Amino acid sequence: MLLTHPSSPQAAQALARKLGNAACFIAGGTLLQQSWAEPRLAPQATHFINVMHWPEMQQISLSPQYLHIGAGMRLEAVRRHPLVQQHAPVLAQALAQLGAMGVRHLGTLGGNIGWGEGDCCPVLLAMDAQVELTDSNIQPLEQTLKLQQRPLMLSFLLPRSDVAPPPPLVFEKVGYRAAFSPALLRMALRWSDAQQHLSVNRIAAAAPGLGVHRLQAAEKLLRHAHDLQIRPTLTDIRTTCEQSLPPHLAQIASRLIAGHCGLLA
Ligand SMILES: Cc1cc2nc3c(=O)[nH]c(=O)nc-3n(C[C@H](O)[C@H](O)[C@H](O)COP(=O)(O)OP(=O)(O)OC[C@H]3O[C@@H](n4cnc5c(N)ncnc54)[C@H](O)[C@@H]3O)c2cc1C
């Protein structure tokens, strides 16, 4: 196995840039390992770059506007952290449903987001999370996730709940009813006011092979319905979801949206 331990995140990013497609950041390795033909035998052609030995990526702290979560924080440590429970309770709830304890003790938040489909992706996207990169730039997570070559993420910035009243947010995870089966759809919805109903302004969904993205057509439909005080039908919502999801997932997503917006009664 080819594994390098660069001296700093900046050195890691420079190495990844130099190696191009042969490079792969590795944190807990819990996701990456699943794609190896032999679980204990890493592919020879890949140059793994260890991102787990810099203390600055393994901290949780507050700045005047944001909760900062280091990308190298283990999932279970994020879930249990009092600042996460206070400022991002839905993230803590999503983490409670993620894998088994063993996976949460090894896997990291950076690995979950780096995957681009994990449970935390829609939650962070719906919260308008930002990402700190190795050149000190801070950019919206939505932008980072669209990049072909995903950069090394150092930390995630989430709005503090005591600076502005946090908008209502829910997380849903749908899968087959089996002892172990990967989720079909992960979704987070955020409202702009406490009344909820049609004031949804963020709908983020992740599904295997599709990555995480906002369902912008559905957001637009609900915004329009909210402004004009009209009630969209389940079919209207499903049609907009089909613009970015395959029909079977659009059907699930539209029912979740309609249910949370009080449109099924
Ligand atoms: C049995 C089992 C059950 C699981 N159940 C779930 C589940 O229910 N929900 C779920 O979401 N996931 C699940 N997973 C997947 C996985 O464990 C998690 O998504 C975990 O968060 C991955 O973190 P990691 O540190 O192990 O990532 P790794 O495997 O080390 O890396 C994953 C990806 O992220 C990239 N990466 C890692 N760190 C960074 C960084 N700082 N910046 C940029 N890119 C980075 C890597 O290059 C790689 O592409 C499960 C895995 C297993 C084995």
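No value in this document is a laboratory result; all are computed from the given coordinates. Only a predicted model underlies this, so the values are computations on that prediction, with no experimental measurement involved. All Cβ positions, even for glycine, are placed from backbone atoms using ideal geometry, and neighbour counts span all protein chains on display.
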Degrees separating the helix 9-19 axis from the principal Cα axis of the chain, which is the longest one:
90 degrees
With n ≥ 4 as the cut-off for DSSP H runs, can you work out [θ] at 222 nm for the chain, using -39500 (n - 2.57) per run divided by the number of residues, rounded to the nearest 500?
-9500 deg cm²/dmol
Towards the positive end of the charge dipole of the chain, with charges on Cβ (+1 Lys, Arg; -1 Asp, Glu), say which of Asn21, Asn201, Leu106 has the farthest Cα.
Leu106
Just for the Cα atoms in the range 169-260, what are the lengths along the principal axes, largest first, rounded to whole Å?
43, 25, 20
Which aspartates and glutamates, on any chain, are close to Lys18 with Cα under 20 Å apart, when same-chain ones fewer than 8 places away are left out?
Asp135
If I model a spin label at Gln243 and Gln59 as a point 7 Å from the Cα along the Cα→Cβ vector, what separation in nanometres do I get?
4.3 nm
Which whole-number percent gives the relative contact order of the range 62-127, counting Cα pairs below 8 Å spaced six or more residues apart?
36 percent
Which of the peptides 216-223, 187-194, 53-60 is most tightly packed, and how do the rest follow, judged by the mean count of other Cβ atoms within 10 Å per residue?
187-194, 216-223, 53-60
Once you have all Cα-Cα distances for the chain, histogram them in 10 Å bins from zero and send the whole-percent values.
7, 29, 34, 22, 7, 1
How tilted is helix 247-260 with respect to the longest principal axis of the chain? Cα atoms for both, answer in degrees (0 to 90, nearest 10).
60 degrees
